[in-house]
Amino acid sequence: MEFSKKLQQLPPQFFASLVQKVNAAIADGRDIINLGQGNPDQPTPVHIVDALQQAAENPISHKYPPFRGIEELREAAAAFYLREYGVHIDPKTEVAIVGGTKIGLVELPLALMNPGDYMLLPDPVYPDYLSGVALADIQFDTMPLLPENNFLPDYNTLGEKIKERAKLLYINYPNNPTGAIATNDFFAETVAFAKKYNIAVAHDFAYGAIGFDGKKPISFLQAEGAKDVGIEFYTLSKTFNMAGWRVGFAVGNAKIIEAIQLLQDHLFCSLFPAVQHAAAHALTAEQTAVEQLRATYESRRNVLVEEAKKIGWQVEAPAGSFFAWLPVPQGYTSEQFTDLLLNKADVAVANGKGFGEFGEGYVRVGLLVCEERLREAMQRIAALNIFS
Ligand SMILES: Cc1ncc(COP(=O)(O)O)c(C=O)c1O
């Protein structure tokens with residue numbers, strides 16, 4: 001049987017080959033320190049698991065949920081945005097619940113665009129955005145994220161034709177993979193750019209809770225006029241270590257939210273109601289665990305940067321997210337360096353080129369192992385004597 005043309009045009013899953021290589025090495029009995037992936041290593045806070053257990057026992061959870069999710073979760077998302085960012089959200093018209101923001105990000109082009117339309121994507125890019133491009137049969141232009149511009153796109157450098165044809169723009173701060181954060185000026189510029197060229201904006205705020213050095217990451221919706229042009233995706237996967245629960249939401253422009261809802265009415269029947277109740281609890285309960293988690297990542301980041309500098313690896317400390325974007329030493333491509341670390345140091349990192357052309361020259365390291373393992377990883381890399 002042949003698969004549809006659409007399936008055949010889906011991009012290869014970038015992380016699948018990394019997982020395969022790492023699993024093969026582990027199967028050979030090697031002690032691999034896996035810094036390659038983005039799966040939070042800590043468990044969901046107990047009070048959220050308790051909320052799930054209670055909700056799971058309620059027979060109301062055993063029925064089909066409303067197509068557009070339970071009111072309690074939409075209200076909790078609105079309350080969360082008001083409390084954390086001072087942003088007013090109407091829970092009835094400005095929130096869409098998604099089964100993980102990956103789904104929202106992949107389905108949005110299908111909801112807003114026609115085959116052949118163009119969107120704008122950063123490079124390096126979170127690879128799952130490309131699945132949405134392929135499914136909706138659209139095209140994309142890229143915006144390089146360069147260190148000299150703090151890994152923010154510079155809209156002024158885009159050609160006029162590219163700006164004119166763009167219908168949708170994705171941005172993501174704190175950024176995966178670079179660890180960069182956005183500024184108020186950049187978001188204000190994004191709103192002005194989107195208004196001028198009539199472009200819808202989706203800001204992926206997956207790492208919204210993870211900012212370092214006393215700087216809380218800002219929401220795109222805090223920018224004046226942001227709701228006129230766009231939405232923001234927020235996942236519970238990272239803030240609350242709930243990656244396996246598959247729950248997140250989009251907030252902002254009511255028209256874009258309606259487009260997502262309409263598509264989802266046909267694709268899904270919302271999420272297990274107990275998961276939604278527990279998610280509402282996570283958003284509205286006290287947030288001590290979130291601060292502890294943020295501090296854990298900051299402390300790991302500090303260890304990584306200190307150890308890297310000790311061995312002569314000149315790295316920049318990421319400002320947010322749980323990734324560090326480290327330059328590859330001279331004489332290696334990203335792929336060669338990634339393979340060297342796996343084969344000779346038993347350390348897995350993600351090849352920067354997998355995130356796009358402008359990822360060449362970098363590897364992405366996840367801060368998702370304990371400090372002791374991070375130190376050991378750096379010692380193993382030091383033993384290769386490539387930085388001396
Ligand atoms: C930048 C970015 N966006 C979105 C996601 C998807 O998150 P979710 O678990 O909500 O699907 C991830 C997950 O790694 C991510 O890194």
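Can you work out which of the residues in the stretch 299-313 that are among the small types (G, A, S) and not in a loop (DSSP other than H, G, I, E, B) is nearest to the chain's Cα centre (by Cα)?
Going through the qualifying residues, I end up with S299.
Working only within the stretch 1-46, note down all residues that are of a type in the set (G, A, S) and in a helix (DSSP H, G or I).
A16, S17, A24, A25, A27 - these are the residues of the stretch 1-46 that are of a type in the set (G, A, S) and in a helix (DSSP H, G or I).
Which fully enclosed strands (runs of 3 or more DSSP E) of the stretch 128-238 have 3 or more residues being within 16 Å of the ligand (Cβ to nearest atom) and under 24 Å from Y362 (Cα atoms)?
Result: 166-172.
Taking the stretch 50-60, which residues are outside any loop (DSSP other than H, G, I, E, B) and open to solvent by 50 Å² or more (accessible area, probe 1.4 Å)?
D50, Q53, Q54, E57, P59, I60
If only one of G214, G248, G312 is open to solvent by 20 Å² or more (accessible area, probe 1.4 Å), within 27 Å of F323 (Cα to Cα) and in contact (Cβ under 8 Å) with a residue 40 or more places away in the chain, which one is it?
Exactly one residue qualifies, and that residue is G312.
May I ask you to list pairs of residues, at least six apart or on different chains, whose Cβ atoms are under 6 Å apart, with the first in the stretch 97-109 being among the small types (G, A, S) and the second being crowded, with 24+ Cβ neighbours inside 10 Å?
If the second residue must be crowded, with 24+ Cβ neighbours inside 10 Å, the pairs left are G100/G248; G104/V98; G104/F233; G104/A250.
So which residues in the stretch 279-298 are more than 21 Å from the chain's Cα centre (by Cα) and in a helix (DSSP H, G or I), if there are any at all?
Answer for the stretch 279-298, where residues must be more than 21 Å from the chain's Cα centre (by Cα) and in a helix (DSSP H, G or I): H281, T284, T288.
Go through (1) open to solvent by 50 Å² or more (accessible area, probe 1.4 Å); (2) under 24 Å from L35 (Cα atoms) and name the single condition G179 misses.
The single condition G179 does not satisfy is (1).
Inside the stretch 278-304, can you point out the residues that are open to solvent by less than 10 Å² (accessible area, probe 1.4 Å) and free of Cβ contacts under 8 Å to residues at least 60 places away in the same chain?
none
Specify the residue that is nearest to the chain's Cα centre (by Cα); the eligible residues are those in the stretch 248-278 that are within 16 Å of the ligand (Cβ to nearest atom) and assigned to a helix (DSSP H, G or I).
I260
Failed condition for E360, given (1) open to solvent by less than 20 Å² (accessible area, probe 1.4 Å); (2) under 18 Å from A180 (Cα atoms); (3) more than 16 Å from the ligand (Cβ to nearest atom), with all others met?
Unmet for E360, out of (1) open to solvent by less than 20 Å² (accessible area, probe 1.4 Å); (2) under 18 Å from A180 (Cα atoms); (3) more than 16 Å from the ligand (Cβ to nearest atom): (1).
Evaluate the following for A243: is it within 16 Å of the ligand (Cβ to nearest atom), farther than 20 Å from T93 by Cα, open to solvent by 10 Å² or more (accessible area, probe 1.4 Å) and touching a residue at least 12 places away in the same chain (Cβ under 8 Å)?
yes
Quick check: anything in the stretch 261-274 in contact with a Leu (Cβ under 9 Å, 6 or more places away or on another chain) and within 20 Å of R83 (Cβ to Cβ)?
No, the stretch 261-274 has no match at all.
In the stretch 80-91, what count of residues is obtained for those that are open to solvent by less than 70 Å² (accessible area, probe 1.4 Å), out of contact with any helix residue (DSSP H, G or I) (no Cβ under 6 Å at 6 or more places or on another chain) and not charged (D, E, K, R)?
2
Just to verify a result, which residue in the stretch 98-118, among those that are of a type in the set (A, V, I, L, M) and near the ligand (Cβ under 8 Å from one of its atoms), is surrounded by the most Cβ atoms within 10 Å (Cβ to Cβ)?
Only one residue tops the list, namely V98.
The values are calculated or read from the model by the stated rules, or taken from the named source; none is laboratory data. None of the values given here were measured: they were computed from a predicted structure. Note that each Cβ is placed from the backbone with ideal geometry, even for glycine, and that neighbours are counted across all protein chains shown. Surface areas here come from the heavy atoms of the whole protein model, side chains and all, with no ligands, DNA or RNA. Shrake-Rupley method; radii C 1.70, N 1.55, O 1.52, S 1.80 Å.
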